[in-house]
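No lab work stands behind these numbers, since they all come straight from the coordinates. All of these numbers come straight from a predicted model, not from anything done at the bench. All Cβ positions, glycine included, derive from the backbone under ideal geometry; neighbour counts span all protein chains shown.
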């Protein structure tokens, strides 16, 4: 074991081996998946295949939601929230109603930065936009981000009140003001209101956009 | 539809076999050159006349 | 004692009667004085910064309103700043100090190109300061273990490469025929790391690969940060210090060869076990699981080697400040690795994944194993480099007890917490409300903060002792009765 070339070759090959086996083969095998069409059909052998048509899913990133993703990244949300659903028999992700199906590699192909996450101090968010939708969902997210205790008493999520502005009501209340019930212990002084900043709006739009509501050939949503 | 296409992995698998073969060849080569002999002498190269074998070189003061 | 011990082959430069061939250890030590002081001082600075950040993050996990007024101190950023300050700031500066010193000693030549080390070190600390400021400011990438923003990473990459070049040059100009086991580990790590780092940066940040290929690359890198960087550096240090302090060769040199190569082969496949249950092909996960289980081989081999060297030395390891830390680290290496292999099994992982169990495991590996061995290395190295004694043995004891008990408390608390959390998370019938799970972790989070305070006390003792030694020039010159016995030049020295 005194021979430098020998030692060096060994050192080189061991890492080359895992680099090829893990990184390169991943890239070759599922580094070039394509979008799926909206409709899928049975090929007769019980397999679903894509039919001709425009590629639809997963949806492309963009707009305000993409700006919101940047806020999600900047705030380090990933360190407490995962974005991956485990299959039926492996953990209780499906039983918790976190999503309609397990997530698969193709679900992430449109994302420039993949935020799988490996910690669930808080719940999984892969399909949070499917769980909390529309204006009710938007309202819930704003209250929860402003102060998690309002919606989830006892939560250890940090408040993101710095993404909101406390201001005096001038004339009519703002339309986008957050609705904190007047009898809540977190109610504001009369005459004041909380409005989201642009970043808070974007972040909530991003959360609303996180949805698994489409089937993929390898991962159909079963009714 | 199976997504995982193993044909794509063929070059990688071949490369792996080549790596493995060269590793085995290297072991034979080094054994032939006597690299794998007299191991226990090598374990003593850390001792010198300044810090020789058989002497403890670090301890708390009162022990 | 100028005569060579009989059992050393007479051709080694250490024992040669010809002074021009023989390189004195003290001469080698002196040649590294400037760079090692620079690195250890930086390491201690990062250690303090990292500990404070850790405490803030820990408190936030049971008092979420603590320091929540500004986005600069929100949990995600503080936690990531802590992790980078510790792993990259403290960890790497320690490695640069301790491992280059051992490398130079084993190459038996006063170092050349010490300036290269200093340049690399300056790049490193500059890049890291910019990077961590960037994380706090909001340029965090949210890629685990690669949070440093894009504009700071090239500096870090240059620094890695320079250190690697230095290592190869030191090795190239070595004297003597034999290459000791520590050198294999160091050379391996010095070569592996830049490769890992650059591939991960390119495939995730600079030219992102498609979809979850990023995640696979991410965990290939992140696990190898521990497996192919911190672990070999700490194991190499232990392989040097245990026999060196006890004055008896390692139990079986043959086993150390087996241990090194099995680690090199298996460890770098293990990382994908962080994605078990995730959206990646099953064969990839299986490969990661198999490799994680195979890690039992190098771990048992290293355990036999380290622990058998100690057996029969009575309690001499306990009487040495250095070995007390190193042996604590070595025992925890065995423990953490066995736990890690178990955690990679699918059924166990189903519970431990996504919980504080993993966080506890990470601290167990990086702190109880790696950091403790590095502390031991500093205790051995500094008196030799500075030619001064450690001023206070009591501070060393405080450091040891606070850190050893603190980290064990933290690992226990987090792993019990994680197991409860995981069990409840997988039981949607009895725990349908996620908030119940969050609330059941809270008591353990408080214990974790307490353990953090203990570690802080230990680190303060360490820092105090170090700067006391550094600045009290002349007051603690080497004496035979000092806190750490230095060079046994004289006849009748301690046994």
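For chain C, the longest principal axis of the alpha carbon atoms and the long axis of helix C:372-386 meet at an angle near 30°. Our Cα-only numbers for the protein assembly as shown put the radius of gyration and Dmax at 28.0, 96 Å. A convex hull fitted to the Cα coordinates of segment A:64-103 yields 82 cubic angstrom per residue.
Please label the shape of segment C:271-373 as rounded, prolate or oblate, based on the square roots a ≥ b ≥ c of the eigenvalues of the alpha-carbon gyration tensor (a/c under 1.5 means rounded; beyond that, a/b larger than b/c means prolate, else oblate). Here segment C:271-373 falls in the prolate category. Across every pair of non-identical alpha carbons in segment C:198-290, the mean reciprocal distance, once inverted, gives a Kirkwood radius of 15.1 Å. Here, segment C:193-347 has an Rg and a Dmax of 17.7, 57 Å when only alpha carbons are counted. Entry for segment A:72-223 at q = 0.12, 0.18, 0.19 Å⁻¹: log10 I(q)/I(0) = -0.58, -1.11, -1.20, Debye formula applied to identical alpha-carbon scatterers, no solvent contribution. Averaged over the residues of A:101-107, the number of partner chain Cβ atoms lying within 10 Å of the residue Cβ comes to 5. Against chain C, whose longest principal axis is taken from its Cα atoms, helix C:181-200 shows a tilt of about 40°. Volume per residue of the convex hull around the Cα atoms, evaluated for segment A:29-146, comes out as 156 Å³.
Considering helices alone, the calculated mean residue ellipticity of chain A at 222 nm is -8500 deg cm²/dmol, with DSSP H runs of length four and up weighted by -39500 (n - 2.57) and normalised per residue. Highest mean packing comes first when the peptides C:60-72, C:312-324 are listed by Cβ atoms within 10 Å, giving C:312-324, C:60-72. Calculated mean residue ellipticity, 222 nm, chain B: -13500 deg cm²/dmol, from DSSP H runs (n ≥ 4) at -39500 (n - 2.57) each, averaged per residue and rounded to 500. Both radii were evaluated on the Cα set of segment C:327-462; the Rg over Rh quotient, with Rh as the Kirkwood radius, amounts to 1.10. Summary of packing: across the peptides C:463-469, C:46-52, the per-residue average of other C-beta atoms within 10 Å ranks them, highest first, as C:46-52, C:463-469.
The shape of chain B comes out oblate: with a ≥ b ≥ c from the C-alpha gyration tensor, a/c is at least 1.5 while a/b does not beat b/c.
Here segment C:340-410 and segment C:316-335 have alpha carbon centers that stand 10 Å from each other. Taking other Cβ atoms within 10 Å as a rough exposure proxy, C:179, B:18 sort from fewest to most as B:18, C:179. Averaged over the residues of C:183-193, the number of partner chain Cβ atoms lying within 10 Å of the residue Cβ comes to 3. Short to long, the 10 Å bins of the Cα pair-distance histogram for segment C:23-110 hold 18, 33, 21, 15, 9, 3 percent of all pairs.
Taking every alpha-carbon pair under 8 Å whose residues sit at least 6 apart, segment C:29-471 reaches a relative contact order of 16 percent. The calculated 222 nm mean residue ellipticity attributable to helices in chain C amounts to -21500 deg cm²/dmol, summing -39500 (n - 2.57) over DSSP H runs of n ≥ 4 and dividing by all residues.
Per-residue packing, averaged as other Cβ atoms within 10 Å, sorts the ranges C:434-443, A:209-218, A:45-54 into the order A:209-218, C:434-443, A:45-54, beginning with the highest. When chain A is treated as a GNM with alpha-carbon contacts under 10 Å, the residue of A:101, A:113, A:138 showing the greatest mean-square fluctuation is A:113. Relative to the longest principal axis of the Cα atoms of chain C, the long axis of helix C:75-84 lies at roughly 20 degrees. Can you tell me how chain C classifies by the Cα gyration tensor, rounded, prolate or oblate, using a/c under 1.5 as the rounded cut? In terms of gyration-tensor shape, prolate.
Per residue of C:392-400, other chain Cβ atoms within 10 Å of the residue Cβ number 1 on average.
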